[in-house]
1. Could you give me the ³J(HN,Hα) list for region 483-494, computed from phi with Karplus coefficients 6.51, -1.76, 1.60 and θ = phi - 60°, whole Hz, x at Gly and Pro?
2. Check residue 240: other-chain or 5+ apart residues with amide H under 5 Å from its amide H, H built from backbone geometry?
3. Starting from the Cα-Cα distance between residue 141 and residue 467, subtract it from 0.36 nm times their residue separation and give me the gain in nm to one decimal.
4. Can you compute the label reach from residue 306? Point 7 Å from Cα along the Cβ direction, backbone N cut-off under 18 Å, restricted to region 532-562.
5. Extension gain residue 348-residue 507, at 0.36 nm per residue separation less the Cα-Cα distance, in nm?
6. With labels modelled as points extended 7 Å from the Cα through the Cβ direction, what inter-label distance (nm, one decimal) is found for residue 327 paired with residue 386?
7. With the other protein chains left in place, how much accessible area per residue, in square angstrom, belongs to region 239-326 at a 1.4 angstrom probe?
8. What are the ³J(HN,Hα) values, in whole Hz, obtained from phi via the Karplus relation 6.51 cos²θ - 1.76 cosθ + 1.60 with θ = phi - 60°, for each residue of region 305-312 in sequence order, with x given for Gly and Pro?
Amino acid sequence: MAFILKSYRQVIPLRVLQRRTLVPVASNLLSSPLPFLFRRHIHQESSTTKGNSEAHKPRESQLPARYQVGGRGLLLIALAAGICGFAAARWDTRGSPSQSRHTYGSPEDFQKAIRELQGTFSAEEDEAGDIVSTNQDVLHAHGFSTLVHHEGKYFISFMAGQHRMMHDVVVFPRSTEDVVKIVKIATKYRMPITPYSGGTNLEGHTRGHPVGGICVDLSNMNKIIEIHEMDSDLVWIPLFVPLDPSPDATIGGMLSTGCSGTNAVRYGTAKAEWFLNATVVLPSGEVIKTRRRSRKSSAGPDMTKLFVGAEGTLGIVTEITVRLAPVMPTTVALANFPDVKRATEAVIEILNQGVGIQCIELLDDVFMTALNKSQTDISKKPKYVVKDHLFFKFQGPTPASLKETASIVKKIVEKHGGKNFTIARNDAEAEEMWSDRKNAHFAGLSMIPGAKGWPTDVCVPISKLPQLVYETKKDMKNMGLVAPIVGHVGDGNFHALPLMTNEEDLEKAKEAVHRMVRRAIALDGTCTGEHGVGVGKKEYLVEELGEGTVELMRTIKRTIDPLNLFNPGKLYPDPATSNVPKH
């Protein structure tokens, strides 16, 4: 049973603009080579050029005599121009939307945009900088993350003056109308826009563009605006959004990255039916709603899913209708195994029993060592046996159903060589056990004081997981890296956390992660199960999806965002990096 809640990290009643400009723009860019040539020329000029475009069109009488031609000559020129234009258009449309062929505004243009943003929102600010901020600390906080491996490279490059990875300005809109105003100013001055939500940023999703730009922080748009009692969404019934990517995740960020998490084995991912519809501000400034609120619809392609996993490159999501699930009784259990292979075999059999499983998590022996080291009371004996573990969360409507599930799981665990099957004696113990699982990332970081981690994930068919984990652990060990592994084993999704203390470790981790990703793809898996693509994984998309699929993605991007203003440089592979070198 599921319920419906209308919410937003972003929220305002939808007001769809009556004048739709997207289709004419798209058809002009994609079907006519001559307008394309003029567009390339115009983009070389300042975005703030004033005046009627007609004034810039030379009349024949104004041209020197040697450039005036008769009808036959004009026909030949037109034919040649058409052929050249067609060839140029063909070349251009095969390029990547993330390449720098788009001309953005000048630094002077960007300063004008910032002043216009400040003038637009100054009356609504409680104090200066509430909505439009150029404070250096705010810019830095939105341009960098302590959790992401890209920071070292970008920060060094930034300090050397080679790249600018911080934004020029951060804007905190409070409504869909505010977002439309920001988009129109950005378009006017050709200024890149990077949507910002929870800021986890594991693959560099919210990095600033090298030329600078606007960061749109949607944290003020976090209200619930409708509760539908007639649809069984009652205020006093405990409900929750079952997607569980991280404690600080936001609804909009979850949609934009196509997230999942520990609950995916029971409830699926963000690409299931949890997002019924979305209100989106397009790069044209138009506001659309992807569908109505009914539980199902076969009215054309699912436009909501067009924006799920698009990482803010196609539009800024300002309002979302989500389905909720009832909160049900749960308990937690764990067991250790001789190796990942037998643990995975147990998981496959457990899932095929159809019992009440909400989560099944794999923590390898290195992570168990980390959890033991993170104990606050070091006088006690280690909390866990240092072996590969499975952590279970059972779910059921009654205590009897939980006991039945536990009994079935225990028998299967023991059948596959599992030991020390332990079930929580009460809710407090269950909470403590599950907290250890949820704290695995920070426990892993604590293994080497002062180390940074490279958090990355891949996903493969469950039957292929033991091979991938074994080969990855062997590779990390051979590289001399400490790399705890934790995984949503019920989905075939796992995370590695190679630890780094210097540039040499960074290079080793980069190479090891590259090989891990390519092994996953070779096993019919994916380069990312839930972190998203950002800048960190885009080089693998052609290998994983094929050139045709990636080109379709690029075509959609170029059609919706012809100026490449929305989160440029993310998600879509550059042709130069599409062909991943063989190892």
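The values are calculated or read from the model by the stated rules, or taken from the named source; none is laboratory data. Predicted model only: the values in this text are computed from it and were never measured. With ideal geometry, Cβ positions are generated from the backbone for all residues, glycine too; neighbour counts draw on all protein chains shown. Surface accessibility is based on the protein's heavy atoms, side chains included, excluding ligands, DNA and RNA. Shrake-Rupley method; radii C 1.70, N 1.55, O 1.52, S 1.80 Å.
1. Karplus-based 3J(HN,Hα) across region 483-494 equals 9, x, 10, 9, x, 7, 5, x, 10, x, 9, 9 Hz.
2. Hits under the 5 Å cutoff: 325, 327.
3. In short, 113.5 nm is gained.
4. From region 532-562, the list is 549-562.
5. Between residue 348 and residue 507, full extension yields an extra 53.7 nm.
6. 3.9
7. 34
8. For region 305-312, the Karplus curve yields 5, 4, 9, 6, x, 7, 6, x Hz.
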